[in-house]
Amino acid sequence: MTDTKTKFYITTPIYYVNARPHLGHTYTTIIADTITRYKRMCGYDVVLLTGTDEHGQKVERAAKAAHTTPLEFADRISAEYRALWQELDLPVDRFVRTTEPRHERAVQMLFRKALDQGHIYKGSYEGQYCVFDEMYVDEPLPGNLCPECKRPTERVREENYFFKLSAFQDRLLELYEKQPDFIQPDSRRNEVLAFVRSGLRDLSISRTSFKWGIPFPGDEKHIFYVWYDALTSYITGIGYADDELQFERYWPADVHLIGKEILRFHAVYWPAFLMAAGEQLPKQIFAHGWWLFADEKMSKSRGNMQYPQPIARVLGVDALRYFLLREMVFGQDGNFSRESLITRYNADLANGLGNLASRTLTMIEQYLGGRVPARSAAEENDRDREVAALRQTTCEEVARFYDSYDFSRALESIWGLIAEVDKYLVEFQPWLLVKEQSKWARLEMVLYTAYEVLRTVTRLAHPVLPHATQQIWQQLGYTTRLESESLSPNWWNEQKPAFQVAAPQAVFPRVDKTEAFERIEAMEDEIRNPAATPSAASAAAGASAGSSPASAGAASGKIGIEDFAKVEMRVGLIKSAERVAGADKLLKLLVDIGDEVRQVVAGIATAYTPEQIIGKKVVVVANLAPRKLRGVESNGMIVAASAGPDGRPVLCTFTEDVPVGARLK
Ligand code: MSP
C-alpha cells in the first residue's frame, strides 16, 4: 500500500453465476480496467474490484436442475470468470465471491450496525416475487408479469426482516441534490429521482423460502436478501470485517460502475444500507448502456449472447477493447455487429494508428538511419505549429473525456489527431524531400512532427490499447513500460527523449474481412454449441468452464485447440541469470520476451550455470499468473524437458534463429 498516493477505488458489478460470462460482462470489466490504467498513469493508487454473485434462488434452482450443489455450480462459473479476465489481460486487484467466509462476516457486520441503530424490524410480507430479478414487484397482483423482465411472478408470503427504507427517502433526495454527480450520466439521475420522489416502501431483506444464502445472525431460519448480500461485496473486498486499515484507506468507493438495469439497487438501496450502518457513501454510481444484438439486449434468456474470446483470439485483445469503447456512445445503448467490428479494426487500427506508426518509423529508419528526429526552430512553419497546437489541445481534451469516462469521444479526439498528421504527411511528402539534400533539414522537421504526434497518441491511447501501444512505444526507442509514464496534467510538456528508433513491426496487420468474420463466427459456434455432451452444470448454465469445447475432451485425456491457445508461449532471450540464495535448484533470470523484460525463476540450476545460459533463446510461458518461489517473484515459466530418471532439466530451444518475442503456436 502506498499511502503517499491518492487512492482510487473502482468496482464492477459482481456477476451472477447462473450464466457464463459474455460480451456484456466483459464490456463493464474492460471499462473498469481502462479507468484503472488511466488513473494509475495519473498517479493514483488504484484498486479494482470485481467478483461473482453466488447466492439466491436463481442459482439454487439452476444447480438443482443440473444435479449439483449450488457451491459446485458457483465454483465452476466463478472460475470461468477469473480465467476470462486473465485471458483478456484484465488484472483485477480484488475478486470477491459471495460464498467466502470473509464476505459472510462483512454482511453480518453491516447488518448488525443497522440493527443496533434501529433500522431493522421483523414483519410479514405477502406479494408477487420475481425470481429472475430477485425482487418483489411493486403491484402485488397474482398473475402480473414482472415490470422489469416481463417474466411471470410468484406469490410469496414470508415472515421477514425489513429494512426501513422509507425512513431514508429524504436523506437520499438530499444526497442527490447536494451531490449532483452521485448518479451519472444525468439522464439516469432523473430516473432515480422520480422513483424516490414517488415514495419508498420498506424493503424485505431476509428470506425463508429457500436456503442458499448467508444466515441471519441470531435467526438462522432466515437468509439475507441476495441484493443486501451482493452489494456488501464492495466493502468485503477491501477488508470491511477484518482489515480496518485497508478499509479506511480505500472506502468510500470512487465509482461503482454498473449497467443501467441495476441502477436502483446501487443508487437507492445501497446508500440507504450504508447510511443505516453509519458508513460513508460511495462517491459515484456510473450506469452505462447496454450492448444490443439486432436491437435486443444481449442476455442468456434471449440466447443471443456474443462471447469475447473469438474476437480477442482473431483480432487481439486491444481490438476488442477499442471497438467496445469506441463504438458505444456515452450513456446510450450500442448495437453490436461483427461487420462494424472488423470494419473499424481495418479502418482505425490497421490503417489509422498502425499505419501511422509503421510509415513514420520506416521513414525515420530509412531517411535518418533510425535517429529520433529533432525539432528545428529555423525550419518550423505555421502548419507545423498548427499540428503542435492540435497535439496539445487533444491531450487536454482527451484528459477531460477520460475523466468523465467518455471513451468514445476520447478515442475520436485521438484519432482526429492521427488523421491530421496523416494529412500533414501527404502535404509535405517527406519521400520527396529526401531526394534533395537542401531539403533535409525540413525533412527532419516534418518527421519530428510526425514522431511527436505518434508518441503522444501512443501514450494517450495506452489505457485503451495497452498492448499495441507498448509495442509502438518500444519501436519509438523507449525501454520503459508505458504504464509507468505519466498522464497527469501537462505531461505533454515534459516528455523524456528517446534517441534511436527500433525496427518497425506491424502492430495491427490488416485482416481479410470475410476470413476474419468466418473465423470469429466458427469460434462463437464452438462456444455456443460445445461438441461434447454437456456436463450437468452446463445444462442449466447454458455452458460452463467444464463444458467448453476445449475442456470437453479432457475426459479422453485430450484438450482442444482453444485450451492450447490460452497458453501464451514466446521466444525469450536470457539477459541475466543468478542463483537464488538458499535454493540449490533455482536460478533467477531476466528474460526479454519482446515487449518487456520479465523476471522468471527457473528450476534449472542443477543443469546450467548462470554463465552457460545468458544469451540463450528459450521458450517462455508468458501468461502464467505470478508466483513466488523462495520469496522471489516469478512472472512466467521457462520450458524444459525432464530427462532421465532424475528429471534433469534440458532447456527447449530452436534449431534456427528466431526473433525475440515471437509467439509459439
Ligand atoms: N449480480 C448482479 C450485480 C450485483 S452488484 C452488487 C448482476 N449480475 S449480472 O451477471 O447480471 O451482471 C450484470 C452486469 O453485467 C450489468 O450491470 C452490466 O454491467 C453487465 N452487462 C450484462 N449484460 C450487458 C449488456 N448486454 N450490455 C452491457 N453490459 C451488460 O446484475
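Residue check: is Tyr225 farther than 20 Å from Phe95 by Cβ, more than 10 Å from the ligand (Cβ to nearest atom) and aromatic (Phe, Trp, Tyr)? Steps first, answer last, please.
Details: farther than 20 Å from Phe95 by Cβ: yes; more than 10 Å from the ligand (Cβ to nearest atom): yes; aromatic (Phe, Trp, Tyr): yes.
Spelling it out, Tyr225 is indeed farther than 20 Å from Phe95 by Cβ, more than 10 Å from the ligand (Cβ to nearest atom) and aromatic (Phe, Trp, Tyr).
Does Arg189 meet the test of being more than 16 Å from the ligand (Cβ to nearest atom), touching a strand residue (DSSP E or B) at 6+ places or on another chain (Cβ under 8 Å), farther than 24 Å from Lys260 by Cα and not in a loop (DSSP other than H, G, I, E, B)? Outline the logic, then answer.
Numbers: more than 16 Å from the ligand (Cβ to nearest atom): yes; touching a strand residue (DSSP E or B) at 6+ places or on another chain (Cβ under 8 Å): yes; farther than 24 Å from Lys260 by Cα: no; not in a loop (DSSP other than H, G, I, E, B): yes.
When the stated conditions are applied, Arg189 does not pass them.
Pull out all pairs, ordered by first then second residue, where Cβ-Cβ is under 8 Å, the residues are six or more apart or on different chains, the first lies in segment 362-380 and is farther than 15 Å from Glu436 by Cα, and the second is exposed (fewer than 13 other Cβ atoms within 10 Å of the Cβ) and modelled with pLDDT under 95.
Glu365/Ala503; Arg371/Phe499; Val372/Pro497; Val372/Phe499
What is the one condition in (1) touching a helix residue (DSSP H, G or I) at 6+ places or on another chain (Cβ under 6 Å); (2) closer than 27 Å to Ile31 by Cα that Trp85 does not satisfy?
(1)
Test Ser204 against the criterion of being more than 12 Å from the ligand (Cβ to nearest atom), buried (at least 17 other Cβ atoms within 10 Å of the Cβ), within 21 Å of Cys130 (Cα to Cα) and not hydrophobic (A, V, I, L, M, F, W, C), and give yes or no. So that I can check it myself, show each step before the final result.
Details: more than 12 Å from the ligand (Cβ to nearest atom): yes; buried (at least 17 other Cβ atoms within 10 Å of the Cβ): yes; within 21 Å of Cys130 (Cα to Cα): yes; not hydrophobic (A, V, I, L, M, F, W, C): yes.
Judged against the criteria, Ser204 is a match.
Taking only segment 1-48 into account, find how many residues are acidic (Asp, Glu) and within 10 Å of the chain's Cα centre (by Cα). Walk me through it before giving the result.
Kept after step one, since they are acidic (Asp, Glu), are these residues of segment 1-48: 3, 33, 45.
In the following step, the residues that additionally are within 10 Å of the chain's Cα centre (by Cα) were identified as 33.
Counting residues in segment 1-48 that are acidic (Asp, Glu) and within 10 Å of the chain's Cα centre (by Cα) gives 1.
For the structure I just gave you, tell me whether Tyr240 is within 19 Å of Ile35 (Cβ to Cβ) and at pLDDT 95 or above. Write out each step before concluding.
On the way: within 19 Å of Ile35 (Cβ to Cβ): no; at pLDDT 95 or above: yes.
Taking the combined requirement at face value, the residue does not satisfy it.
Filter segment 346-386 down to the residues that are touching a Phe, Trp or Tyr at 6+ places or on another chain (Cβ under 7 Å) and hydroxyl-bearing (Ser, Thr, Tyr) and list them by number.
Thr360
If we scan segment 169-178, do we find a residue that is at pLDDT 95 or above and either under 23 Å from Asp53 (Cβ atoms) or in contact with a Cys (Cβ under 6 Å, 6 or more places away or on another chain) (or both)?
Taking segment 169-178 as the starting set, the residues that turn out to be at pLDDT 95 or above are 169-178.
Filter once more, keeping what is either under 23 Å from Asp53 (Cβ atoms) or in contact with a Cys (Cβ under 6 Å, 6 or more places away or on another chain) (or both): none.
Looking for residues that are at pLDDT 95 or above and either under 23 Å from Asp53 (Cβ atoms) or in contact with a Cys (Cβ under 6 Å, 6 or more places away or on another chain) (or both), one finds none in segment 169-178, hence no.
So which helices (runs of 4 or more DSSP H) are wholly in segment 250-341 and hold at least 1 residues that are free of Cβ contacts under 8 Å to residues at least 40 places away in the same chain, away from the ligand (no atom under 15 Å from the Cβ) and closer than 30 Å to Ile120 by Cα?
Values: elements: 270-277, 308-315, 317-327.
So the answer is none; nothing clears 1.
For Ile223, are the conditions met, namely being more than 23 Å from Thr36 (Cα to Cα), touching a helix residue (DSSP H, G or I) at 6+ places or on another chain (Cβ under 9 Å), aliphatic (A, V, I, L, M) and not in a helix (DSSP H, G or I)? Don't jump to the end; show me each part of the working.
Values: more than 23 Å from Thr36 (Cα to Cα): yes; touching a helix residue (DSSP H, G or I) at 6+ places or on another chain (Cβ under 9 Å): yes; aliphatic (A, V, I, L, M): yes; not in a helix (DSSP H, G or I): yes.
Yes.
Within the bounds of segment 172-189, is there any residue that is more than 21 Å from Ala114 (Cβ to Cβ) and over 34 Å from the mean Cα position of the chain (by Cα)?
No, that holds for no residue.
Within segment 234-263, which residues are in contact with a His (Cβ under 9 Å, 6 or more places away or on another chain) and closer than 20 Å to Ile30 by Cβ?
Selection gives Tyr234, Gly237, His256, Leu257, Ile258, Gly259, Lys260.
For segment 73-86, indicate whether the set of residues that are closer than 30 Å to Thr208 by Cβ and of a type in the set (Val, Ile, Thr) is non-empty.
yes
Just to be sure, is Asn351 in a helix (DSSP H, G or I) and either of a type outside the set (D, E, K, R) or more than 12 Å from the ligand (Cβ to nearest atom) (or both)? Reasoning before the result, please.
On the way: in a helix (DSSP H, G or I): yes; either of a type outside the set (D, E, K, R) or more than 12 Å from the ligand (Cβ to nearest atom) (or both): yes.
Spelling it out, Asn351 is indeed in a helix (DSSP H, G or I) and either of a type outside the set (D, E, K, R) or more than 12 Å from the ligand (Cβ to nearest atom) (or both).
Evaluate the following for Lys7: is it surrounded by fewer than 20 Cβ atoms within 10 Å (Cβ to Cβ), closer than 30 Å to Ser484 by Cα and not small (Gly, Ala, Ser)? Quick ask: steps written out before the conclusion?
Numbers: surrounded by fewer than 20 Cβ atoms within 10 Å (Cβ to Cβ): yes; closer than 30 Å to Ser484 by Cα: yes; not small (Gly, Ala, Ser): yes.
It is true that Lys7 is surrounded by fewer than 20 Cβ atoms within 10 Å (Cβ to Cβ), closer than 30 Å to Ser484 by Cα and not small (Gly, Ala, Ser).
In segment 377-395, is there at least one residue being of a type in the set (Asp, Glu), buried (at least 17 other Cβ atoms within 10 Å of the Cβ) and closer than 22 Å to His467 by Cα?
Initial filter on segment 377-395 (of a type in the set (Asp, Glu)): 379-380, 382, 384, 386.
Pick out the ones that are also buried (at least 17 other Cβ atoms within 10 Å of the Cβ) and you get 384.
Right, trim to closer than 22 Å to His467 by Cα and you get none.
Within segment 377-395, none of the residues are of a type in the set (Asp, Glu), buried (at least 17 other Cβ atoms within 10 Å of the Cβ) and closer than 22 Å to His467 by Cα.
Which residues, counting only those in segment 228-249, are more than 16 Å from the ligand (Cβ to nearest atom) and of a type outside the set (S, T, N, Q)?
Pass one, segment 228-249, residues more than 16 Å from the ligand (Cβ to nearest atom): 239, 241-249.
Gly239, Ala241, Asp242, Asp243, Glu244, Leu245, Phe247, Glu248, Arg249 - these are the residues of segment 228-249 that are more than 16 Å from the ligand (Cβ to nearest atom) and of a type outside the set (S, T, N, Q).
How many residues does segment 618-651 hold that are in a loop (DSSP other than H, G, I, E, B), more than 25 Å from the chain's Cα centre (by Cα) and exposed (fewer than 15 other Cβ atoms within 10 Å of the Cβ)? Quick ask: steps written out before the conclusion?
Kept after step one, since they are in a loop (DSSP other than H, G, I, E, B), are these residues of segment 618-651: 622-626, 630-631, 635-636, 639, 644-647.
Next cut, more than 25 Å from the chain's Cα centre (by Cα) only: 630-631, 639, 644-647.
Those left that are additionally exposed (fewer than 15 other Cβ atoms within 10 Å of the Cβ): 630-631, 644-647.
Residues meeting the conditions: 6.
Okay, residues lined up against (1) under 29 Å from Tyr136 (Cβ atoms); (2) surrounded by 23 or more Cβ atoms within 10 Å (Cβ to Cβ):
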site: Ile214; (1), (2): yes, yes
site: Gly218; (1), (2): yes, no
site: Lys221; (1), (2): yes, no
site: Tyr228; (1), (2): yes, yes
site: Ile235; (1), (2): yes, yes
site: Ile238; (1), (2): no, yes
site: Leu245; (1), (2): no, no
site: Arg249; (1), (2): no, no
site: Asp254; (1), (2): no, no
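The values are calculated or read from the model by the stated rules, or taken from the named source; none is laboratory data. The shown structure was predicted, so the numbers you read here are calculated from the model rather than taken from an experiment. Ideal geometry is used to build each Cβ from the backbone, glycine not excepted, and the neighbour counts take in all protein chains shown.
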